[in-house]
Amino acid sequence: MVRQIDDVKVNIYHHGEGGACFYIAESDWEVGSADTFALLLAGKAEDEAYTLIIYEVTDWNAQLSPWNARTAFGEE
């Protein structure tokens with residue numbers, strides 16, 4: 001199930017009822033890798049219930065950094 005929450009695209013995968021909940025941030029340069037993970041997890045989970053939530057990150061620094069920090073790599 002794909003949802004739009006504010007400006008963020010969110011994919012939600014349900015496998016059974018209840019169980020663990022996993023969140024994965026997917027940046028625009030790795031689009032599709034989380035979907036591949038979702039298929040792999042579904043194949044391995046068998047009878048285990050879980051919910052997998054994959055949300056799109058378009059600006060890693062603005063959306064996921066809680067405070068300003070010095071540059072670790074390159075110019076960002």
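The values are calculated or read from the model by the stated rules, or taken from the named source; none is laboratory data. Bear in mind that the values here come from a model prediction, so they are computed numbers and not experimental data. Methodologically, a virtual Cβ is constructed for each residue, glycine included, from the backbone with ideal geometry; neighbour enumeration extends over all protein chains shown. The protein model used for the area step is the full one, side chains on, heavy atoms only, and it has no ligands, DNA or RNA in it. Shrake-Rupley method; radii C 1.70, N 1.55, O 1.52, S 1.80 Å.
How high is the FRET efficiency from HIS14 to GLU75, r the C-beta distance, R0 35 Å, rounded to 0.05?
Taking R0 as 35 Å, the efficiency between HIS14 and GLU75 is 0.30.
I need the Kirkwood Rh of the chain: take the reciprocal of the average 1/r across all distinct C-alpha pairs and report it in angstrom.
Values: mean 1/r = 0.0712 Å⁻¹.
Radius from the Kirkwood sum: 14.0 Å.
Rounded to the nearest 500, what is the chain's calculated 222 nm mean residue ellipticity when only DSSP H runs of at least 4 contribute -39500 (n - 2.57) each, over all residues?
Numbers: 2 runs with 18 residues, N = 76.
The helix-only estimate for the chain comes to -6500 deg cm²/dmol at 222 nm.
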Problem - Per residue value of the accessible surface for the chain (all protein chains in place, 1.4 Å probe), Å² - result: 81
Practice task
Give me the number: length gained by fully extending TRP67 to ALA42, i.e. 0.36 nm times residue separation minus the C-alpha to C-alpha distance, one decimal in nm.
Solution key: 5.5 nm
Practice task
Quick one: pull the percent of accessible area on the chain belonging to carbon and sulfur, 1.4 Å probe, ligands and nucleic acids left out.
Solution key: 53
Handout entry: the chain - share of DSSP beta bridges that are antiparallel (%, nearest 5)
Key = 55
